[in-house]
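Okay, so here's the structure we're looking at.
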């Protein structure tokens, strides 16, 4: 038997034994066996069955499994006992036994979980599909937290929290309270402080509301509320002194919305404390430092935390092992200062999968070294792929600290990383096999190959327009009118207010920006243009906030590179939001914009803020560059490469290429406008002569 087959066999055994242990825990068989037996006085299965109120045949089979699994002892007479030194571990609720007992709970919706893995399957699972999970979490909290919350955790928070809780007169919110274990523990210990437990689960809140003090009396300083953590009551603004989350942030599809709500609900100088799994945000590090515990926690995350936290189209899909780095990054982005960005590792991981499946790491290792780095076209030639796709992949890998890049944009793999990236180790296998969020991944891989298709159709990304709308709402909604419009200059803000002008939104998608502007400037006429029929259908269904239809807005399905002939000199303002780079021939689009603008008409493009140089982007943008290059590789580049004459920009084409293209297409004087209110964007503005 090979080492791997031996390992797989041992894992299969451990799986069965683990489930059998869970049976014993739930039926109190270990406790009963410990009570009635010892090495000097072993018992027969019928004796344990009698003591436990169970059938002898079932108990015998269980004891046989436990003995063969080296959990309990057996002698030649088939009599059983537990070693004295093992009794406590097997009969008290500790971390190990609780985790074992939780496995069947997590396997409850296993078939549905398998469907979630598939590219065309559901996003994730509902919390309600794990009917016993809240009970498991209470057992886990009791095992790990009960003795230490008051004595150790509360003082460790700092900021005078322990003293304030003791003195009372403050309000504390427990987010994701489940069935109320932590809330009740704290409320009983600090009777002068008011506690509120919040959870989205109706069953959990019902159970929480039935909890009583140890005396049997109801709580006077505790209430439970069924509510979405991402949309707390408006009346809660600046109303809590302390907000706590115990092992629940990673289970949320949009933890960012929750954390922003926490930031809103906290009083000035209020304190926020999250208890989470202690992971490094890197599986290789976790494996090295945590050993088998890492496998347990990643597996538990895969079975429950990830599917629950992935169950929406805009979910962050954290999983419980998101780790210190990503947790700090997310807190920073949501109003609790210091550090970086969140979704980088997911994108880099998917890009690594592309490299593994196309043998790009192996080919790069074959032809390059630190002393002899290579250009993207060299790797593309060696791998039988298109240069533009390989370049985008290399950019993502370099910014993700997977491969190296120098100032000349030449690439190589560090010698000490070659083996890990070119052989089938655990990390590369996990990454290559993990289901991607990218719908047309197989088709994307074909696009890399020389003989493959040029690119992908926008329609192959069935939910991308919805994602873009969500992204626009998150990044743009608050700032388009008060910040971006005035920044365009040329008197645009005043003209929109006065009305009597025409505005064209090119690549309007589902119509988010068009409707936002049309509602704000009712005297101005707007037209949204997009080549996607589904997008235009959705756009046409949009209404004003009042529910009334727009009187100053039309949507047209049309190619941006071939607008109607009669539009010549007919628009005062043309806008493009994050859509120019997605076009195969953006030059044709920009020339059309130049044609349809009136003399002195204004053109403004919002694009990703890149330098047009990957080494610079890596140095100045950090992990964000990896995220954006990876996203471009997976969507923007293939969509913008889908014709034989495509310019193949990708979303990270950057300032230099953008200004050059605008100059070539009839806009000699381009104003580059920084947009700090759009954190990943820059704006290019020009006026028709």
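Matching residues to (1) assigned by TED's automatic domain parsing to the domain that holds residue 392; (2) under 29 Å from residue 532 (Cβ atoms); (3) at pLDDT below 85; (4) surrounded by fewer than 17 Cβ atoms within 10 Å (Cβ to Cβ):
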{"site": "421", "(1), (2), (3), (4)": "yes, no, yes, no"}
{"site": "425", "(1), (2), (3), (4)": "yes, no, yes, yes"}
{"site": "433", "(1), (2), (3), (4)": "yes, no, yes, yes"}
{"site": "438", "(1), (2), (3), (4)": "yes, yes, yes, no"}
{"site": "449", "(1), (2), (3), (4)": "yes, yes, yes, yes"}
{"site": "462", "(1), (2), (3), (4)": "no, yes, yes, yes"}
{"site": "465", "(1), (2), (3), (4)": "no, yes, yes, no"}
{"site": "480", "(1), (2), (3), (4)": "no, yes, no, no"}
Quiz item: Give me the pairs: first residue in the range 103-125 and farther than 13 Å from residue 310 by Cβ, second residue assigned to a loop (DSSP other than H, G, I, E, B) and at pLDDT 75 or above, beta-carbon distance under 7 Å, and six or more apart or on different chains, which are they?
Solution: 105/130; 106/130; 108/130; 108/131; 109/125; 109/130
Exercise. For the range 559-603, enumerate the residues that are surrounded by fewer than 20 Cβ atoms within 10 Å (Cβ to Cβ), in a loop (DSSP other than H, G, I, E, B) and at negative phi.
Key: 559, 561, 562, 564, 568, 570, 585
Quiz item: What pairs come up if the first residue lies in the range 137-162 and is at positive phi and outside the structural domain of residue 190 (by TED's automatic domain parsing), the second is surrounded by 14 or more Cβ atoms within 10 Å (Cβ to Cβ) and at pLDDT 85 or above, and their beta carbons are under 8 Å apart, counting only those six or more places apart or on different chains?
Solution: none
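Does the range 297-304 contain at least one residue that is modelled with pLDDT under 85, at positive phi and touching a helix residue (DSSP H, G or I) at 6+ places or on another chain (Cβ under 6 Å)? Give the derivation first.
Filtering the range 297-304 for residues modelled with pLDDT under 85 gives 297-304.
Then keep just the ones that are at positive phi; that gives none.
No, the range 297-304 has no match at all.
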Quiz item: Of all the residues that make up the range 368-382, how many are out of contact with any helix residue (DSSP H, G or I) (no Cβ under 7 Å at 6 or more places or on another chain) and closer than 15 Å to residue 393 by Cα?
Solution: 2
Practice problem: Among the residues of the range 138-167, count how many are in contact with a helix residue (DSSP H, G or I) (Cβ under 8 Å, 6 or more places away or on another chain) and either in a helix (DSSP H, G or I) or farther than 23 Å from residue 207 by Cβ (or both). | Solution: 14
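Quick check on this structure: which one of 43, 87, 74 is within 25 Å of residue 140 (Cα to Cα), touching a helix residue (DSSP H, G or I) at 6+ places or on another chain (Cβ under 6 Å) and modelled with pLDDT of 80 or more?
Details: 43 fails: within 25 Å of residue 140 (Cα to Cα); 74 fails: within 25 Å of residue 140 (Cα to Cα).
Sole residue among the options that is within 25 Å of residue 140 (Cα to Cα), touching a helix residue (DSSP H, G or I) at 6+ places or on another chain (Cβ under 6 Å) and modelled with pLDDT of 80 or more: 87.
Against the condition in contact (Cβ under 8 Å) with a residue 12 or more places away in the chain, under 15 Å from residue 561 (Cα atoms) and touching a strand residue (DSSP E or B) at 6+ places or on another chain (Cβ under 6 Å), how does residue 596 come out, does it pass? Spell out the reasoning first.
Values: in contact (Cβ under 8 Å) with a residue 12 or more places away in the chain: yes; under 15 Å from residue 561 (Cα atoms): yes; touching a strand residue (DSSP E or B) at 6+ places or on another chain (Cβ under 6 Å): yes.
Judged against the criteria, residue 596 is a match.
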Exercise. Go through (1) at pLDDT 80 or above; (2) within 30 Å of residue 112 (Cα to Cα); (3) assigned to a helix (DSSP H, G or I) one by one and return the number of the condition residue 278 breaks.
Key: (3)
Quiz item: Is it the case that some residue within the range 518-530 is surrounded by fewer than 19 Cβ atoms within 10 Å (Cβ to Cβ), closer than 18 Å to residue 606 by Cβ and at pLDDT 95 or above?
Solution: yes
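For the range 528-541, enumerate the residues that are touching a helix residue (DSSP H, G or I) at 6+ places or on another chain (Cβ under 8 Å) and without any contact (Cβ under 8 Å) to a residue 40 or more places away in the chain.
Initially, the range 528-541 is screened for residues touching a helix residue (DSSP H, G or I) at 6+ places or on another chain (Cβ under 8 Å), giving 528, 530-532, 534-535, 538-539.
If the condition is that a residue be touching a helix residue (DSSP H, G or I) at 6+ places or on another chain (Cβ under 8 Å) and without any contact (Cβ under 8 Å) to a residue 40 or more places away in the chain, then 528, 530, 539 are the ones that fit.
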Quiz item: Does the range 185-202 hold any residues that are under 31 Å from the mean Cα position of the chain (by Cα) and buried (at least 19 other Cβ atoms within 10 Å of the Cβ), and which are they?
Solution: 195, 196, 197, 198, 199, 201
Quiz item: What number goes with the only condition from (1) modelled with pLDDT under 90; (2) in contact with a helix residue (DSSP H, G or I) (Cβ under 6 Å, 6 or more places away or on another chain) that residue 170 does not pass?
Solution: (1)
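Residues are listed down the side, and each one gets a yes or a no for (1) under 13 Å from residue 388 (Cβ atoms); (2) outside the structural domain of residue 589 (by TED's automatic domain parsing):
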{"residue": "620", "(1), (2)": "no, yes"}
{"residue": "646", "(1), (2)": "yes, yes"}
{"residue": "658", "(1), (2)": "no, no"}
{"residue": "674", "(1), (2)": "no, no"}
{"residue": "678", "(1), (2)": "no, no"}
Quiz item: Is it true that some residue in the range 280-288 is more than 21 Å from residue 171 (Cβ to Cβ) and buried (at least 22 other Cβ atoms within 10 Å of the Cβ)?
Solution: no
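The values are calculated or read from the model by the stated rules, or taken from the named source; none is laboratory data. Predicted model, so just to flag it, every value in this text is computed and none were measured. Don't worry about glycine lacking a Cβ; one is built from the backbone with ideal geometry, like all the others, and counts go over all protein chains shown.
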